[in-house]
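Only the coordinates and a few stated rules stand behind these numbers; no lab work does. Since the structure is predicted, the reported quantities are computational estimates derived from the model, not experimental observations. So basically every Cβ, Gly included, is an ideal-geometry build from the backbone, and we count neighbours across all protein chains shown.
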Amino acid sequence: MWQYIVRRLLLMIPTFFGITFVCFLVLRMANVDPVASQMEMGLQGGQVSQEAIEHLRRIYHLDKPWYEQYARLVVRLTRPVCIDYLEEGQFTSAWRPMSRLACGNQSRISLDLGTSWRDGRPIIEIIAEALPITVLLALLSLFIAYSIAIPLGIYSAVRQYSVGDQISTVVVFMLYSLPKFWIGTMLLIFFAGGHYLDWFPLQGWHSFEGFEEMSLGERIGDVAWHIVLPLVTLSYNAFAALSRYMRTGMLEVIRQDYIRTARAKGLSEKTVVFKHALRNSLIPIITMLGLLLPFMVSGSVVVEFIFGIRGMGGVALEAIRLPDYPLVITIVAFVSLLTMLGILISDILYGVVDPRISYGKGS
Amino acid sequence: MSQPFIHSSVVQPDTRPLLSIDNLKTYFHTEEGRVKAVDGVTLAVEEGKTLGIVGESGSGKSVTALSVTRLIPEEQGRIVGGHITWRGKNEEVDLGSIPIEEMPRYRGAEIAMIFQEPMTSLNPVFKCGWQIAEAITQHTSTGWDAARKRAIELLVEVGIDKPEKRMNQYPHELSGGMKQRVMIAMALACDPKLLICDEPTTALDVTIQQQILRLIARLQRERNMAVLFITHDLGVVAEITDFVAVMCPGETLRMLHGQVEGEDDGDNFDRGGHIVEFGSVTDIFTNPQHPYTKGLIACRPSLKTRSRRLPTINDFLRAESEGMTLDPTDPTLEIDYPGRATVSREDMPGFKETLIEVKGVRTWFPIQSGIWQRALDWDRAVDGVDLTIPRGMTIGLVGESGCGKTTLGRTILQLVRPREGQVLFEGRDLTTLSRTELRPLRRRLQIIFQDPYSSLNPRLTIEDAIVEPMALHGLYGDTKGRRERAVWLMERVGLKPDHLYRYPHEFSGGQRQRICIARTLASEPEFIVCDESVSALDVSIQAEVINLLLDLQDEMGLTYLFITHDLSVVKYVSDVVVVMSSSRVMADLYEGEEREKILREARGGHIVEMKHPDELYRNPEHPYTRKLLAAIPAGDPEQASRKKAAEA
């Protein structure tokens, strides 16, 4: 088992470089000069000289050949350094407790990922702000999607072709075919802003005023209140798909020989379904977990845009528009890392649920 | 319609039986309409007796058993008539009409079941011990610890070694025979009065089959339990049962009732599966009345069979409808049928000349582990085999699962490449040829697989499937020539030319295997590996397909490597029988130091004995061969009792 995990983690390294390389190439081929586009306004107004632009290009190493640019990028992404220059309080993010765990209270560890070309902020700082929001949204909506999809799928399978099953089938297909931006906008119109119901806030993921003064409990409540609509928007799609998978999986399991054996033992229908069939039918939808995680992160671009939340989606959008090479590549790297971890976790879970899957005995 | 062949007197015993089924009708509702799976079955099982139900697939024998425990999914099939009277621990009850919610009280507690596929009948995600203990706690007030203790006792009773260890193992960690033992332990958990066995040994090797049959017989005796034993194999019935009911799919009998085979428009005889004959096991074997029973007895090749072609059920039905009577126990019974070969393989050029030579072949598969997935060990599937295959002959290859017989077949065809050794085809070493160099030779070396369901692409018409190999090798000129050849092939294997435009799902298992044979013949092969090609078929269909293969051999001078685990079939078809085994399989034959020596040697699949079939069966030298031969089901009750006496 441990050998398997180590092997998978090692395999991530080449994958990681492959992804960043492809991303780098695509950006290069887009052939947009980031400095020029950034300075366009100034150039037209005659406020920025051609020399200044050339200078900036040198600073950003844009005058170097492509392989050197990529080499610099790789070095930057993979050089973990212990830094002490960050002032107390400047860094308000989920990274702090993690770095404390890694290095103890005295020093803090961080990745020097370079600075954004746009505003010169350290990239690590931008990501540290945005990533926890996106991860929180993605994990919570996954949790919600699974916890509705599993019981609904079981119900639909056990009562196949019943009125309840047919209604849920229609509703699920309707939900599945509706686009996120439309659902998100409709939710805003009907449940926020006061046209119809003013139950939820319009924008942001916490209140802008007075959030600092709140106690921990109040903060959690505030955030929860803010992310209800984004979560619904982000999860309905996955929930619809998952419930269909669950239904199909359950129907498949329920006609297996071992279910007949369970009935022949004299078990009640309830035990047969919830004990003997459930665990087997979970196997296919657990594999979905790893595939859904990146889906959720990309879905959050739309959701964050609609609900005015500055997560990875929002940051990525801005970075690509500019384009802000270092930031784009770092975001892609993070998301791909997240995806690979997600797939690894679902593979491990697969082995936990199904004893027939063996990842080799650790020696 | 009258039922002239039922001995109704046997059905009514003096004492009231434990289970009596009275005119049971279970119908299935499919898209094509109603299917009368069970149509008027009447039988009785007495306390402490064993009743066998025999019949081909589609005869309704399993549905009868599942009707008793009401395990047929309601959306598929329903009991539409008749009574199932159960006289168990409580008063009399009609299991056919009580609400389904009350069934769990009887299932497992009074009527237990074991099924055909031990591989899939245990829940893969729960430990074996837990599954047995669950059955105990379900029907008694036993606590969990006591139930576990009882489960261990049951495992001992069904003959499982290291029961404590097995308790904590998952089903996939056990062998097929052991899983079936666990199933039996689970069924016995609450001391049922009736044990229903639905083809419990069909999926197992002969030696394991024999062990399981003995186990069931012993448990039946010791516990004075009634057993309802369902099987398609009359040989098995002879070993274990007191009474036999022969069930038959209704449409098989159409011919007997004045209808020509293949015309399915008439409603002259639309009865579904029912019992055609009932009697004591000796009566059925020595004095069968119904032509279907006779056919069933005759079509199974026994060790005594001497005829060049096997009789089939259809032969008996045809003879009966023409007013003739055939003796099914005559080992030299020869019946002519349309399509029988008129030439002999002996007249073919090059008969008995060496076609293929296998020299010192080892095919090992790596077992990878560690972070870098290095091959740390080898699965020695084929471990040093020398074999000569002469042209026009049939080499029978037998052995238990895991002995490497399939891998050997595939190695000869170069579907897997050996690690060592040579495979000479007409003197050319196939192992040194590249894939491109092999391609023209592939036309001449073919294979027919076991499962006719998964070996045909469901999205290709039969014509596409048959024409493809011809087109691939550029045979028969153009599309027109190939189509003509396809029509010829279909007729040759006994199908109609207009079947060419249909898809595989429209055919029965036997028909599909004929299609597979036609597809194999399309490329005009000289050597064919038949990898368990008849094992999945019903006995009567099996006889027809074997006849077809032998006729094709006579006509075309084909050479067969006939791989099977069925020792009666292999004796019947082969010119030479080759027995394969491995150290792991053979270690059980020995004890003490001898056993250690064999296990240390750890040799993979190899040939232990190779002889002319008559010689091998009369005079087996190797202890492993002797053990295999001893495990063949007796075939008739007289032989069974003789066998039992000899062992005692």
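Key figures for this structure:
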{"item": "Charge-dipole axis of the protein assembly as shown as Lys and Arg at +1 and Asp and Glu at -1 on Cβ define it, positive-most pick from B:Val467, A:Thr271, B:Ala298", "result": "A:Thr271"}
{"item": "Local electrostatic count at B:Leu616 - Lys and Arg +1, Asp and Glu -1, tallied over other residues with Cβ under 9 Å", "result": "-1"}
{"item": "Listed peptides A:199-208, A:239-248 by packing density, highest first (mean Cβ within 10 Å)", "result": "A:239-248, A:199-208"}
{"item": "DSSP beta bridges in the protein assembly as shown [antiparallel fraction, %, rounded to 5]", "result": "60"}
{"item": "Global geometry of chain B, whether rounded, prolate or oblate, following the gyration tensor of its Cα atoms and the 1.5 cut on a/c", "result": "oblate"}
{"item": "As computed over the stretch A:119-175, the Cα convex hull volume per residue (Å³)", "result": "83"}
{"item": "Computed FRET value (nearest 0.05) for B:Ala146 with B:Asp451, which takes r as the C-beta separation and R₀ as 51 Å", "result": "0.70"}
{"item": "Neighbourhood charge, 9 Å Cβ-Cβ cut-off, centred on B:Tyr27 and excluding it, Lys, Arg +1 and Asp, Glu -1", "result": "+3"}
{"item": "Assigned charges on the beta-carbon of Lys, Arg, Asp, Glu; the stretch A:124-353 dipole about Cα centre (debye)", "result": "1480"}
{"item": "Whether the stretch A:124-353 is rounded, prolate or oblate, judged on the alpha carbon gyration tensor where a/c under 1.5 counts as rounded", "result": "prolate"}
{"item": "Unit charges on C-beta of K, R, D, E only; dipole of chain B, Debye", "result": "1760"}
{"item": "Fewest-first sequence of A:Ile148, A:Ile309 by Cβ atoms within 10 Å of each Cβ", "result": "A:Ile148, A:Ile309"}
{"item": "Shielding by partners, peptide B:104-110 (average Cβ within 10 angstrom, other chains)", "result": "4"}
{"item": "Dipole of chain B [Lys/Arg +1, Asp/Glu -1 at C-beta], most positive-end residue of B:Gly427, B:Met186, B:Pro104", "result": "B:Gly427"}
{"item": "Local electrostatic count, B:Thr332, Cβ distance below 12 Å [Lys/Arg +1, Asp/Glu -1]", "result": "+1"}
{"item": "Loop-located GluC sites (Glu not before Pro) in the stretch B:587-647, at most 15 other Cβ atoms within 10 Å (DSSP)", "result": "B:Glu591, B:Glu621"}
{"item": "Chain B: antiparallel DSSP beta bridges as a percent of all, rounded to 5", "result": "55"}
{"item": "Cα-based Rg of the stretch B:516-648 normalised by 2.2 N^0.38 Å, two decimals", "result": "1.26"}
{"item": "DSSP-loop chymotrypsin sites (Phe, Trp or Tyr not before Pro) across the stretch B:283-354, with at most 15 other Cβ within 10 angstrom", "result": "B:Phe351"}
{"item": "Cα gyration tensor category, rounded, prolate or oblate, for the protein assembly as shown with a/c compared to 1.5", "result": "prolate"}
{"item": "Fewest-first sequence of A:Leu10, B:Leu310, B:Leu194 by Cβ atoms within 10 Å of each Cβ", "result": "A:Leu10, B:Leu194, B:Leu310"}
{"item": "In the stretch B:89-130, the GluC sites (Glu not before Pro) that fall in loop regions by DSSP, at most 13 other Cβ within 10 Å", "result": "B:Glu91, B:Glu92"}
{"item": "Residues A:His55, B:His505, sorted so that the one with the fewest Cβ neighbours within 10 Å comes first", "result": "B:His505, A:His55"}
{"item": "Number of partner chain Cβ atoms within 10 Å, mean per residue of B:121-132", "result": "5"}
{"item": "10 Å Cβ neighbours from other chains, averaged over peptide A:250-261", "result": "5"}
{"item": "Among B:Asn547, A:Gly314, B:Met247 the positive-end extreme of the charge dipole of the protein assembly as shown (Cβ point charges)", "result": "A:Gly314"}
{"item": "Cα pair distances in the stretch B:86-177, grouped into 5 Å bins until the bin that holds the longest one, percent each", "result": "2, 12, 19, 21, 18, 12, 9, 5, 1"}
